[in-house]
Every structure is written in structure tokens, then in C-alpha cells.
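Have a look at the structure below before the remarks.
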Amino acid sequence: MTATKENKVHRIIDNYLLTGFNFKTLMIVITMLTAVPYLHYKLGGYVKFVLAYGVLVCIWQFFHKRTYAKLKLKSSVLLCLFAILYSITVFVNKDLYFQQNLQQLIYLVVFFFLMYIDMQMKPVEEVQNEIRRISLLFIVITFVFACICFYTFLRQFHYLYVVPTSHAYYRFGISENRLWGLYNPNTGSALNVLSILFTLIYTRTVQSNKKQFAYICGAVNVILQYWCMILTDSRTAYYALTIVIALLVGFTAFRKYENKGMMKKLLIVAVMMVIVVVLIFTVTDLMEVGLTYLPGIMTSIFGDSFSLSGAEPGGTVHWLKINPISLAVNPVDVNRLPDSETDFLTGRTQIWRAGIEVLKDNPIFGIGREGVAYVVPAELEGGIENSLSNDIYTGGLHNVYLTVLVCSGGLGFVVFMAFLFINVFSALKKLLVTKECNPYLIMTFAVTVFFLISEMFEARILYQVSIFNVLYWCTIGYLFALTGNKESEVI
């Protein structure tokens with residue numbers, strides 16, 4: 001093979017076949033599909049094939065020029081150190097689901113490298129172009145899913161189903177006066193909020209000749225996602241979105257009134273943030289009341305057959321190839337049912353206490369992610385018979401910071417928090433110092449902040465493969481790439 005042909009093949013492989021962008025695209029599509037429990041049963045096994053592709057991309061990209069320069073960055077060093085420490089954790093706890101923990105370690109390394117490390121020092125245009133493409137892909141998928149979820153609300157679907165590999169019941173449509181739709185309300189609400197934020201990124205950065213169309217489509221998606229978020233009645237996503245929007249408004253005001261004195265400027269920012277919070281809460285309450293009338297309005301227009309709240313099992317969701325069981329819920333009541341058996345945080349404080357008890361016996365290297373479901377339930381009040389045991393099995397410790405502490409121990413926790421500090425502080429410093437307003441940097445920072453707030457009550461960005469894990473590492477990779485980027489740097 002001549003040198004010219006060899007270079008051509010190299011370019012084709014490097015630019016089209018084995019790319020980090022291809023891996024991110026495949027992971028977003030497959031994890032969005034598997035966010036639906038039934039589709040997870042059908043398609044979950046294919047995630048391993050995407051991982052195998054990611055490993056090939058890692059090997060190819062690792063020998064790409066300037067890879068070692070990327071690995072020398074402080075944040076990259078911390079990620080590598082965290083991976084090394086977790087590998088020690090896996091082997092120290094080899095009796096606790098060694099194979100599953102090892103598999104998660106491989107995912108962790110691939111994600112770290114392709115979604116974060118490999119993005120550093122790339123040309124700013126390339127980073128921004130990838131942000132737009134990833135945003136559009138996520139927006140389209142979440143819009144389709146939100147349409148289906150909202151349709152289940154309008155027609156008042158309320159069913160339970162069981163997949164063959166699980167004895168647990170999964171809800172479809174409306175249940176417990178909350179919108180489940182295709183997935184858990186907490187999953188749905190987080191996807192709604194992320195779709196809103198990514199829509200803001202895309203519409204702010206789309207080319208000028210397409211802005212009007214993008215604004216119209218973006219507005220439709222934001223409204224739909226907002227409605228679905230309200231109907232899920234998920235506090236974590238709602239409060240996190242409110243805080244992020246208030247911070248964005250406060251940041252805008254801070255920059256606008258930069259010529260005023262610091263005290264006066266901070267007062268203006270504080271007042272505007274309070275106004276935004278009050279406005280969001282007021283509009284949301286009014287919107288929630290209005291939404292409760294929609295099913296009745298649709299039934300009055302299309303007839304009684306439109307509402308399926310009283311449908312018999314087996315008559316409405318054959319496409320799922322399951323046997324649904326009808327649930328008795330109020331079709332227009334969207335007030336979340338109280339849970340008398342748990343606290344305001346729906347049992348999270350009990351789970352956190354159990355996690356801390358486990359940490360006492362494993363303070364240095366932790367117990368690994370797969371060990372959480374095996375060890376922590378025994379520390380609950382009443383032990384494994386506690387109903388929260390199943391919540392730990394499906395959702396972990398519901399706090400990513402405590403999860404890192406329990407799974408990776410004190411050493412891994414310190415390294416991970418140092419990594420977060422470097423990324424957040426560097427981005428914040430650039431946002432406050434730079435005179436130019438970069439919408440990519442602002443919005444990727446907003447998405448990162450949303451994750452860091454919501455993960456105080458969830459644990460979805462580490463030790464597992466999910467759409468949230470994928471989006472978080474993509475976003476923070478873009479954030480730091482934009483923070484330390486120089487236009488002249490070309491790979």
C-alpha cells in the first residue's frame with residue numbers, strides 16, 4: 001500500500017469509522033431506548049456491542065497524536081487516578097459481583113477517555129459543532145418520547161406490566177396521580193429538563209438563516225417537555241431547573257450591570273433571581289391546574305371512547321406484547337399521593353444512613369457499585385425486609401456523592417471531588433472574567449450545574465450505563481474543552 005493510500009485509509013478511519021462522536025451517538029440512542037423498561041428487556045444486551053465498538057475507538061484514538069498531551073491535563077490525571085483507584089476497589093471486593101464491577105470499570109474507562117479526555121485541546125469549532133449535533137439528536141428523541149408520554153396522559157392510560165426477566169411491576173401511563181408515561185417519573189422529569197436545556201443550547205447557536213424555524217420548533221418542544229415535567233410531579237428535577245434558570249438570569253444581570261458598584265450589582269442579581277423563582281412557581285401552579293382539564297376536554301371533543309381510564313386489561317397496549325393490569329386512579333387528579341411510610345425525601349434519609357453504616361467498615365476503597373444492593377439493605381431499619389431494599393437495588397443510594405464515598409471509598413471520593421472542583425471553578429472563572437458571551441459555554445455549564453444539583457438526590461452519572469451517565473460525561477467534556485480551548489490549537 002502506497003503512502004498516499006495509507007494516509008487516505010487513515011483519514012477515513014479517523015474521521016468516519018472509529019470516532020468518539022460515533023460512539024456518543026450510538027450510546028445516546030441505545031440508552032434513550034433502554035430507559036424504557038420494556039425496551040431495556042428487548043435491547044439491553046446490545047449495549048455491550050456498543051461498548052465493544054467504544055473499546056476499539058479508544059485503542060485507535062489512544063495512539064492518535066497529542067493523546068499524551070491530553071493525559072497530562074490535571075483533570076485528565078484525576079480521572080485516570082480515579083479509574084485506577086476503582087480498579088483496586090473492584091479487586092479488593094472480588095467476592096462482591098466481580099464480573100459486573102469489572103464490566104462497569106470498563107464502561108467507566110471508555111466514557112472517561114472518549115467523552116472527556118479525547119475532547120480536550122480540539123478546535124473550538126469542532127467542539128461547538130459536536131455540541132449542536134448531539135443536542136439535536138437528544139432533542140428529537142426526547143420530543144418523540146414526550147409526545148407518547150403526554151398522549152398517555154390525555155387518554156388516561158394507567159397500566160402495570162411485567163417483563164419476563166423481572167418480577168417487578170412497571171407502570172405505563174398515569175399511576176399514583178403522576179405521569180409515568182414510558183418510564184419512571186424521576187427519569188421522565190430529568191429527561192424533560194435536559195431536553196429543555198439542550199433546546200436552549202441548540203436554538204441559541206443555530207445558524208442565522210434557520211433561527212426562525214429553530215425558535216418555533218424549540219418553543220414547541222420546551223412547552224411539551226415543561227408540561228410533562230409538571231405532570232411527573234418530580235420535585236428534584238423541578239427545583240433543580242428552577243435554580244438553574246435563576247442562576248442564568250442572575251448571571252445575565254451580573255454581566256449587564258457590570259459598570260455598577262458590586263453591592264448594588266449583587267442586590268439587583270438577588271432581586272431578579274427571587275422574582276424568577278416566584279414567577280416559575282406561580283406559572284407552574286397555574287399550568288398544573290390547566291392541564292388537569294385537558295383529558296376531559298379531549299373526551300368531550302372525541303367522545304367517551306377517547307378516555308381509556310376504565311379500559312379492560314388486554315385491550316389497549318398490544319404493541320407492548322404484555323398483559324396489562326388496569327389501575328384505579330383519578331384521571332384528573334395530578335396531586336402526588338402522600339407516602340405515609342416514608343419521610344419527605346421518600347425514604348432517602350434512611351438509605352443514606354444505611355450507606356454511611358456500610359462506609360464505616362470500608363472507608364478506604366469502598367465496596368464497589370454492585371456491592372451496594374448486596375450490602376446496604378441489611379443496614380436499613382428492619383433489614384432486607386424493609387420496602388426500601390428494592391429502591392436501593394434499582395436506584396442505588398440516591399445521592400451520587402454518597403455513592404462515590406461508599407463505592408470508591410475516601411480516596412476515590414477525594415479524587416472525584418477534586419475533579420469536579422477543577423471543572424466547575426475553571427468554567428465559572430472563565431464565565432466571570434471573559435468579556436465575550438459564549439452561549440455554548442454558558443449552557444453546557446448550566447447543564448452541568450443541573451446534574452450536580454439533581455444528583456444530590458439521585459445517583460445516575462457513575463458506575464452504571466444510562467442516558468444520564470452518557471449526557472453528563474459528554475457535557476462536562478464539552479465544558480472543559482471550551483473552558484481551556486484556544487482557537488489556534490488544532491489536532
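Observations on the model:
- Every condition in (1) under 21 Å from Ile134 (Cβ atoms); (2) touching an Asp or Glu at 6+ places or on another chain (Cβ under 9 Å); (3) in contact (Cβ under 8 Å) with a residue 40 or more places away in the chain holds for Asn438 except the one numbered (2).
- Residues of region 386-416 satisfying the condition of being among the hydrophobic types (A, V, I, L, M, F, W, C), in contact (Cβ under 8 Å) with a residue 60 or more places away in the chain and in contact with a helix residue (DSSP H, G or I) (Cβ under 6 Å, 6 or more places away or on another chain): Leu397, Leu411, Val415, Phe416
Table: residues versus (1) open to solvent by 10 Å² or more (accessible area, probe 1.4 Å); (2) part of a helix (DSSP H, G or I).
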site: Leu96; (1), (2): yes, no
site: Gln100; (1), (2): yes, yes
site: Gln103; (1), (2): yes, yes
site: Tyr107; (1), (2): yes, yes
site: Met115; (1), (2): no, yes
site: Asp118; (1), (2): no, yes
site: Glu126; (1), (2): yes, yes
site: Arg133; (1), (2): yes, yes
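- Within region 226-241, the presence of a residue that is touching a helix residue (DSSP H, G or I) at 6+ places or on another chain (Cβ under 6 Å), without any contact (Cβ under 8 Å) to a residue 40 or more places away in the chain and open to solvent by 20 Å² or more (accessible area, probe 1.4 Å) is excluded.
- Residue in region 354-395 that is modelled with the lowest pLDDT, counting only those that are of a type in the set (Phe, Trp, Tyr) and open to solvent by 70 Å² or more (accessible area, probe 1.4 Å): Tyr393
- Members of region 231-260 that are closer than 24 Å to Thr448 by Cβ and touching a strand residue (DSSP E or B) at 6+ places or on another chain (Cβ under 9 Å): Thr232, Ser234
- Filter pass, Tyr257 being among the hydroxyl-bearing types (Ser, Thr, Tyr), modelled with pLDDT under 85 and open to solvent by 50 Å² or more (accessible area, probe 1.4 Å): yes
- Here Tyr170 meets the list (1) among the aromatic types (Phe, Trp, Tyr); (2) modelled with pLDDT under 90; (3) under 24 Å from Gly290 (Cα atoms) almost entirely, failing just condition (3).
- Residues of region 26-46 that turn out to be surrounded by 18 or more Cβ atoms within 10 Å (Cβ to Cβ) and of a type outside the set (Gly, Ala, Ser), as a count: 12
- Conditions (1) within 14 Å of the chain's Cα centre (by Cα); (2) open to solvent by less than 40 Å² (accessible area, probe 1.4 Å); (3) aliphatic (A, V, I, L, M); (4) more than 26 Å from Ile30 (Cβ to Cβ): number failed by Leu420: (1)
- Considering region 368-385, the residues that are within 24 Å of the chain's Cα centre (by Cα) and touching a residue at least 40 places away in the same chain (Cβ under 8 Å) include one that is nearest to Leu85 (Cα to Cα), namely Gly368.
- So Met272, is it assigned to a helix (DSSP H, G or I) and either at pLDDT below 90 or open to solvent by less than 40 Å² (accessible area, probe 1.4 Å) (or both): no
The values are calculated or read from the model by the stated rules, or taken from the named source; none is laboratory data. Everything numeric in this text was worked out from a predicted model, so none of it was measured. Methodologically, a virtual Cβ is constructed for each residue, glycine included, from the backbone with ideal geometry; neighbour enumeration extends over all protein chains shown. SASA here: full protein model, heavy atoms, side chains in, ligands and nucleic acids out. Shrake-Rupley method; radii C 1.70, N 1.55, O 1.52, S 1.80 Å.
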